[in-house]
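The values are calculated or read from the model by the stated rules, or taken from the named source; none is laboratory data. No experiment lies behind these values; they were computed from the predicted model shown. Neighbour counts run over all protein chains shown; Cβ positions are idealised from the backbone, glycine included. Note: areas computed on protein heavy atoms with side chains; ligands, DNA, RNA excluded. Shrake-Rupley method; radii C 1.70, N 1.55, O 1.52, S 1.80 Å.
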Amino acid sequence: MMQGKTIVIGVTGGIAIYKIADLCSKLTQKGADVWVLMTESATRFVQPITFQALVRNPVLTDTFQEPNPSVISHIDVADRADLLLIAPATANVIGKLANGIADDMISTTFLATKAPVWIAPAMNVNMYAHPAVQDNMSKLASWGCRFIEPEEGYLACGWIGKGRLAEPMDMLAQIEAFFSEGTCQKDAALLKVRQDLQGIKMVVTAGATREAIDPVRFFTNHSSGKMGYAIAEAAAKRGADVTLISGKTNLARPEDVEVVEAVSAEDMFREVIKRYAHADVVVKAAAVADYRPKMTYDHKMKKQPGDLVIEMERTTDILAELGARKTHQFLVGFAAETQDVEANARGKMERKNTDMIVANNVSQEGAGFGVDTNIVTVYLRTGESYPLPQMDKSQLAHRLLDFILEARRGKVE
Ligand code: CTP
């Protein structure tokens, strides 16, 4: 259940920190990829090396500490999180988060992440009851943060009352329940920090098309569909109404996405055009065949002596058609290139009348077909270009959605 899940834990300076060491160990044993962020005061209670040894990932304590030069740590960790848990959360960090202050790893990650955020407060009973803290918590709750309530009991400061950090086993149970089927879906819907794509109708195409020669043979390409699926999934998580028009792939259907199967370029064209008038954003991540056999045999072709020539004809260029018929839609194309990436990408944007082109050099290692990462440059209609570092396709999906949202805002206004 925890396998493949990235849990980012923001640890602040409270005596209950020792419980988080235990929680980190338990989560790691269950297969989660745990990343720990510590405030300066947290490091006065426990050395970062303790957490590093338990989770086997570098502990991040400083926004200027950048162990990997190809990424910016607080953005990278914010993007990769499936859950951000801040525990123990002091009154100080709760105050900062509620007021948008971003001056350390935890507060910057909090603002940058699109993952659900859970906060487990721990402090003196009177501090906890203070209207300042209560107001800050209400504000955070109204933004979608979920609180793991502190327990009542003996507090380290000598008082007895509410303020004691929840027990590691209880937190573990809640996290497990969150990631278990059903609950995760329900909670994810409740806990989204930013539903910034709500009200947007999005059509995404993905995967390779197949152009039949006969009932058993076809022309296709290497596209796995991963990029388009990642975009559809990320957009749905952020509240968009998403239809994914997909060529044949081996990928699981993303949650909360309507999936429509399209085998050939013509199937895909038909399915996209049907939905075009009502779409706000169309992302054409599919690798569509440019040619198909002029003739498709009804029965399996039998081999003959000598060579075989198959005559090919052009398919409809779906993106170009969408560009020509564009009214209000924001149109995003992809360009998989092996040379002259910029010139080809800009040429496609012009020819196909798109608002954005996501270009990658598929001959580069870590970019393109079949792999889980991609290296792209985003080209916008306005002339700007943004080269992005290598990142997971799911992280990249969120970045691309940010570009779309921002550029579309500029276009609509
Ligand atoms: N595309 C499309 N329909 C086609 C071919 C391509 O919608 N029949 C879309 C792809 O989904 C992608 C973009 O066009 O978003 C770029 O595809 P590509 O084949 O690389 O572009 P072309 O303009 O066909 O350029 P070339 O073949 O010269 O590389």
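The Cα atoms of the range 235-314 cover 58, 27, 19 Å along the three principal axes, with the biggest extent listed first.
When only alpha carbons of the range 195-409 are considered, Rg and Dmax amount to 17.4, 62 Å.
Relative contact order of the chain: 11 percent, from C-alpha pairs under 8 Å at least 6 residues apart in sequence.
Considering only beta bridges that DSSP places wholly inside the chain, some 30 percent are antiparallel.
For S142 and D372 in the same chain, what is the full-extension length gain: residue separation times 0.36 nm, less their Cα-Cα distance, in nm? Working shown, then result.
Numbers: separation 230, 0.36 × 230 = 82.80 nm, distance 3.49 nm.
Gain in length upon complete extension: 79.3 nm.
Taken per residue, the accessible surface of the chain reaches 47 Å², heavy atoms only and a 1.4 Å probe.
Among 165-178, 82-95, 282-295, how do they line up by average Cβ neighbours within 10 Å per residue, starting with the highest? Could you put the intermediate results ahead of the total?
Details: 165-178: 18.0, 82-95: 23.6, 282-295: 20.7.
Final packing ranking: 82-95, 282-295, 165-178.
Which entries in K201/K237; K5/K393; K5/K237; K5/K284 show an alpha-carbon gap greater than 24 Å?
Numbers: K201/K237 13 Å; K5/K393 15 Å; K5/K237 16 Å; K5/K284 28 Å.
Among K201/K237; K5/K393; K5/K237; K5/K284, the Cα-Cα distance tops 24 Å for K5/K284.
What share of all Cα pairs of the range 101-159, in percent, falls into each consecutive 5 Å distance bin? That works out to 4, 15, 22, 25, 18, 11, 5, 1, in percent per bin. Here K300 is the anchor, and the lysines within straight C-alpha reach of less than 26 Å, apart from those fewer than 8 places off in the same chain, are K248.
As a test of the formula, what do you get for the chain when each DSSP H run with n ≥ 4 contributes -39,500 (n - 2.57) and the sum is divided by the residue count, at 222 nm and rounded to the nearest 500 deg cm²/dmol?
Working: 15 runs with 152 residues, N = 413.
When only DSSP H runs of four or more count, the value is -11000 deg cm²/dmol.
Dividing the Cα radius of gyration of the range 6-190 by 2.2 N^0.38 Å, with N the residue count, gives 0.96.
What chymotrypsin sites (Phe, Trp or Tyr not before Pro) does the range 13-108 have in DSSP loop regions with at most 13 other beta carbons within 10 Å? Please list the in-between numbers first.
Values: sites: Y18, W35, F45, F51, F64; in loops: F64.
Here the chymotrypsin sites (Phe, Trp or Tyr not before Pro) that fit, given the DSSP loop and packing criteria, are F64.
Applying a 10 Å radius around every beta-carbon, put 233-241, 298-306, 402-410, 24-32 in order of their mean neighbour count, most first.
The densest-packed peptide leads the list: 233-241, 24-32, 402-410, 298-306.
Which residues in the range 23-46 place their backbone N less than 14 Å from a point set 7 Å from the Cα of E151 along the Cα-to-Cβ direction? So the set is 23. Which residues in the range 356-386 have a backbone N closer than 19 Å to a point placed 7 Å from the Cα of A320 along the Cα-to-Cβ line? Hits in the range 356-386 for A320 at 19 Å: 356-358. Largest first, the extents of the alpha carbon coordinates of the chain on the three principal axes equal 91, 49, 37 Å. The spacing between the range 72-94 and the range 330-377, judged by their C-alpha centroids, is 32 Å.
Summarise the accessible area of the chain (1.4 Å probe, protein heavy atoms) by the percent that is carbon and sulfur. Each step should come with its number before you reach the end.
Details: 10020 of 19600 Å².
Answer for the chain: carbon and sulfur cover 51 percent of the accessible area.
I want the local charge near R399. Using Cβ-Cβ distances under 13 Å, sum +1 for each Lys or Arg and -1 for each Asp or Glu among the other residues. Walk me through the numbers before you get to the answer.
On the way: positive: R80, K114, R238, K393; negative: D76, D79, D392, D402, E406.
Value of the local net charge: -1.
Between S70 and D298, the modelled labels are 5.4 nm apart [label points 7 Å from Cα along Cα→Cβ].
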